[in-house]
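J.: Dumping the structure here so I can ask a few things about it.
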Amino acid sequence: MLVVQKYGGTSVGTLERIESVASRVAKARDEGKDLVIVVSAMSGETNKLIEYAHYFSSNPSKREMDMLLSSGERVTAALLAIALNEMGHSAIALTGRQAGITTDNTHTYARIETIETSRLKTEINNGNIVIVAGFQGINKNGEVTTLGRGGSDLSAVALAGALNADACEIYSDVDGIYTTDPRIEPKAKKLDVISYEEMLELSSLGAKVLQNRSVELAKKMGVKIVAKSSFSDNDGTVITELDKQGDNMEEVLVSGVALDRNQARVSLRGVTDRPGIAAEIFSKLANENINVDMIIQNASENKTTNLGFTVPQNEIEDAKKVINSFDHDIESADYDESVVKVSIVGVGMKSHSGVAATAFSALAKSGINIEMISTSEIKVSMIIDEKYGELAVRVLHEVYGLDK
Ligand code: ADP
Ligand code: ASP
Ligand code: MG
């Protein structure tokens, strides 16, 4: 039996914790499992390295950022291998490149293209526990790349898929996927299972417990993920394909609530109202890799209109540059970083009406103003003032009975 286990930053946050991860790994090995272990950098390490870079430059080269950030995961991989060796287990640490992970050429947000598994298989066949530095690969030009924040989850899923592993276990400081972030709502309930579809929405909408791209890949490759805690032996949450017609699923309207704090709103006034203007603005934003989310366009007056949209907060400076290049077509722009996005997610919404209305009136009753709304078949998202973010999560969690 081959198992891929991934240990996140908190799980390897100190030398003592690395030691206790080593004991867990050793135990699984003693049970006869073949193991590929993916590790993150020690918690806070990636942020610290980013700060170091910003000491020298506000806009450091992305290639050099990848050189820098990939080092965090190498440290933990090597330390874990050393700890396991000391416990009498043969273990070997590999970088992303040595593990055969090839990506496209995008620095700091690369996509995995192929995994050449021969080295991994040789090491496993030689009886080694293979420890892989997460979050990184190499592109066709031999340059080191990283996979976006939280990307060790993606490394783990991709390796599990490529090796056709029997399980992909993702260990963090929570013992599974909850109805909402238990740090915000202590009454949140742990789910036994959740569908890829819902998990993908939750993580895309701010539930950082799994990186959204890892869920997308798991769905595509049919990798069943189990989210577990590295601090307990509790059963975790299984993320898998669910029968959407199942009676159970239909009864549950809303499965979870998510909060995304990485949001900013752009409001454009006096935008020339001519065919093609929206296409020009949004193509230019897309070309700069800016992820535009909610868009609102008002009815026009006197051949101009107002346009509002949201972008991730860390892309706002890039967005400003793009908007400034439209000085003929846009009268004025303002930027608001004090907003958050709160969302409800559930496949049951597909077949029920009134789910969104319940959310709107619950927020209204708490005096929370909704600034923007977007919906899909299985989610409703609302932009609100950041100071009400956590309150909104608790209000929505309660109104859909998720604490029951
Ligand atoms: P790691 O560093 O191991 O990758 P993360 O910090 O990325 O772990 O993810 C775990 C955290 O995700 C938890 O501490 C929890 O606060 C947060 N979280 C957000 N939403 C949820 C949710 N719906 N269920 C469980 N945890 C959640
Ligand atoms: N260390 C990286 C990050 O903090 C990758 C990861 O932990 O998954 O984003
Ligand atoms: Mg994570």
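J.: Just checking, which of 374, 361, 351, 366 is modelled with pLDDT under 95, over 21 Å from residue 195 (Cα atoms) and either of a type in the set (Ser, Thr, Tyr) or buried (at least 16 other Cβ atoms within 10 Å of the Cβ) (or both)?
T.: Among 374, 361, 351, 366, only 374 is modelled with pLDDT under 95, over 21 Å from residue 195 (Cα atoms) and either of a type in the set (Ser, Thr, Tyr) or buried (at least 16 other Cβ atoms within 10 Å of the Cβ) (or both).
J.: Inspect all residues belonging to the range 349-367 and state whether any of them is in contact with a strand residue (DSSP E or B) (Cβ under 7 Å, 6 or more places away or on another chain) and of a type in the set (S, T, N, Q).
T.: no
J.: Here is a follow-up. Can you pull out the residues in the range 338-352 that are over 22 Å from residue 394 (Cα atoms) and outside any helix (DSSP H, G or I)?
T.: 352
J.: Failed condition for residue 59, given (1) within 16 Å of ligand 2 (Cβ to nearest atom); (2) of a type outside the set (A, V, I, L, M); (3) within 30 Å of residue 316 (Cα to Cα), with all others met?
T.: Unmet for residue 59, out of (1) within 16 Å of ligand 2 (Cβ to nearest atom); (2) of a type outside the set (A, V, I, L, M); (3) within 30 Å of residue 316 (Cα to Cα): (1).
J.: Within the range 196-215, can you find the residues that are more than 15 Å from ligand 3 (Cβ to nearest atom) and either over 20 Å from residue 393 (Cβ atoms) or of a type in the set (Lys, Arg) (or both)?
T.: 196, 197
J.: Within the range 139-185, how many residues turn out to be farther than 20 Å from residue 234 by Cβ, of a type in the set (D, E, K, R) and within 15 Å of ligand 3 (Cβ to nearest atom)?
T.: 1
J.: Scanning the range 208-233 for residues that are small (Gly, Ala, Ser) and crowded, with 19+ Cβ neighbours inside 10 Å, which turns out farthest from ligand 1 (Cβ to nearest atom)?
T.: The residue in question is 218.
J.: Does the range 306-334 hold any residues that are hydroxyl-bearing (Ser, Thr, Tyr) and exposed (fewer than 15 other Cβ atoms within 10 Å of the Cβ), and which are they?
T.: 325, 332 - these are the residues of the range 306-334 that are hydroxyl-bearing (Ser, Thr, Tyr) and exposed (fewer than 15 other Cβ atoms within 10 Å of the Cβ).
J.: Inside the range 337-348, can you point out the residues that are in contact (Cβ under 8 Å) with a residue 60 or more places away in the chain and either touching a strand residue (DSSP E or B) at 6+ places or on another chain (Cβ under 8 Å) or of a type in the set (S, T, N, Q) (or both)?
T.: 337, 339, 340, 341, 342, 343, 344, 345, 346, 347 - these are the residues of the range 337-348 that are in contact (Cβ under 8 Å) with a residue 60 or more places away in the chain and either touching a strand residue (DSSP E or B) at 6+ places or on another chain (Cβ under 8 Å) or of a type in the set (S, T, N, Q) (or both).
J.: Could you identify the single residue in 44, 9 that is out of contact with any helix residue (DSSP H, G or I) (no Cβ under 9 Å at 6 or more places or on another chain), under 16 Å from residue 173 (Cβ atoms), open to solvent by less than 70 Å² (accessible area, probe 1.4 Å) and without any contact (Cβ under 8 Å) to a residue 40 or more places away in the chain?
T.: The conditions single out 44.
The values are calculated or read from the model by the stated rules, or taken from the named source; none is laboratory data. On a predicted model such as this, the values are computed, not experimentally measured, just so you know. Cβ coordinates were reconstructed from backbone atoms using ideal geometry, including for glycine residues, and neighbour counts include every protein chain displayed. Ligands, DNA and RNA are stripped out before the accessible areas are found, and what is left, the full protein with its side chains, is counted by its heavy atoms. Shrake-Rupley method; radii C 1.70, N 1.55, O 1.52, S 1.80 Å.
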